[in-house]
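Asker: I'd like to ask you about the structure that follows.
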Amino acid sequence: MPGKGMLSLVGAGPGDPDLITVKGLRVIKDADLILYDALVNKQLLDSNPAAEKHDVGKRKGQHTYSQTEINKLIVYNVEKGKHVVRLKGGDVSVFARAAEEIEYASFFGIQTQVVPGISSYSGIAAQHQIPLTRRCEHESIWVTTGHTCKGQISEDIKHAAKSSATIVILMGMTKIKDIQTELLKYKSEDYPVAIVQNGTLPNEKHHITNLGNLVQDVLKHNLQSPALIIVGYAVVDNVCKLVSTKSIPQLA
Ligand code: SAH
């Protein structure tokens, strides 16, 4: 029915299909058309068998749809009266090009509903019991990218390197050497780093190393995208360390 269409941007969470929000799942079930990205867990699509589905995911070297094509597909289908759900990995506000889709849709008078998701940077750290912040110890988080729109590491990595923030780098695996070089300009070789590939999924791989050994360990353990690179003492400040080095409070 023309004029009744709507657009919902939904964050699917970091990988494990149980890590979507209740609201996100409800909105998926209401969709007529689901346009989903590469990192979305395909099991989530089974919750709405009747909906039309298109994989519009961008994979390295294999662009199925350009952003312009996705924008047009959204508007075309909403204007036909469909509830279009744009399902994106993690949270829609973190490296997900949500703003471009919201802006384009609004140009055609389409309002967008946004359903937040658990971003990979915080969800995966939490699942690994890595405290990205900790009272009196880790005061900031610097979430940045290893792949800017120009295909380079972000200049912010250079600034982050000078800070004491916990640094989380997304889309950084193809630029791991550059990242190591920049971070080592301000940090020591033994500065801790965790790499988590396919976090929260059954095929997850992870490895804890340090800046000096970063590149050789990535190669040795064949760690690849999609992966998070978490840099800072928070990486070794997890429960394992707590159990071994700090007294465990006794229950009364
Ligand atoms: N909107 C997403 C990020 C999209 S950018 C979010 O909020 O998480 C894609 C990058 O996110 C990947 O290259 C990788 O660095 C990271 N990522 C997403 N899912 C991941 C996962 N399950 N395991 C490790 N890294 C992941």
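The values are calculated or read from the model by the stated rules, or taken from the named source; none is laboratory data. Since we're looking at a predicted model, the values are computed, not measured. Cβ placement follows ideal geometry from the backbone for every residue including glycine, while neighbour counts extend to all protein chains displayed. Surface areas here come from the heavy atoms of the whole protein model, side chains and all, with no ligands, DNA or RNA. Shrake-Rupley method; radii C 1.70, N 1.55, O 1.52, S 1.80 Å.
Asker: Restricting attention to strands (runs of 3 or more DSSP E) lying wholly within the stretch 1-108, give those where 1 or more residues are within 22 Å of THR145 (Cα to Cα).
Answerer: Details: elements: 6-11, 33-36, 52-55, 83-88.
Fully inside the stretch 1-108 and qualifying: 6-11, 33-36, 83-88.
Asker: Is it the case that ILE20 is buried (at least 20 other Cβ atoms within 10 Å of the Cβ) and free of Cβ contacts under 8 Å to residues at least 40 places away in the same chain?
Answerer: no
Asker: Follow-up. Name the residues in the stretch 73-97 that are over 19 Å from GLY24 (Cβ atoms), touching a residue at least 24 places away in the same chain (Cβ under 8 Å) and either open to solvent by 30 Å² or more (accessible area, probe 1.4 Å) or within 16 Å of the ligand (Cβ to nearest atom) (or both), would you?
Answerer: LEU73, GLU79, LYS80
Asker: Is it true that some residue in the stretch 35-43 is open to solvent by 10 Å² or more (accessible area, probe 1.4 Å), modelled with pLDDT of 95 or more, among the aromatic types (Phe, Trp, Tyr) and closer than 22 Å to TYR121 by Cβ?
Answerer: Taking every residue of the stretch 35-43 in turn, at least one turns out to be open to solvent by 10 Å² or more (accessible area, probe 1.4 Å), modelled with pLDDT of 95 or more, among the aromatic types (Phe, Trp, Tyr) and closer than 22 Å to TYR121 by Cβ.
Asker: Taking the stretch 112-163 as the region of interest, how many residues are open to solvent by 60 Å² or more (accessible area, probe 1.4 Å), under 20 Å from VAL40 (Cβ atoms) and β-branched (Val, Ile, Thr)?
Answerer: Result for the stretch 112-163: 2.
Asker: List the pairs whose first member sits in the stretch 114-128 and is more than 10 Å from the ligand (Cβ to nearest atom) and β-branched (Val, Ile, Thr), whose second member is open to solvent by 30 Å² or more (accessible area, probe 1.4 Å) and not in a helix (DSSP H, G or I), and whose Cβ atoms are under 7 Å apart, counting only residues at least 6 apart or on separate chains?
Answerer: Cβ pairs passing all conditions: VAL115/THR21.
Asker: Restricting attention to the stretch 92-129, report how many residues are in contact with an Asp or Glu (Cβ under 6 Å, 6 or more places away or on another chain) and farther than 27 Å from VAL231 by Cα.
Answerer: Going through the stretch 92-129 one residue at a time, the tally reaches 0.
Asker: May I pose another question? When you go through LYS175, LYS205 one by one, which is the residue that is at pLDDT 95 or above, open to solvent by 50 Å² or more (accessible area, probe 1.4 Å) and of a type outside the set (A, V, I, L, M)?
Answerer: LYS205
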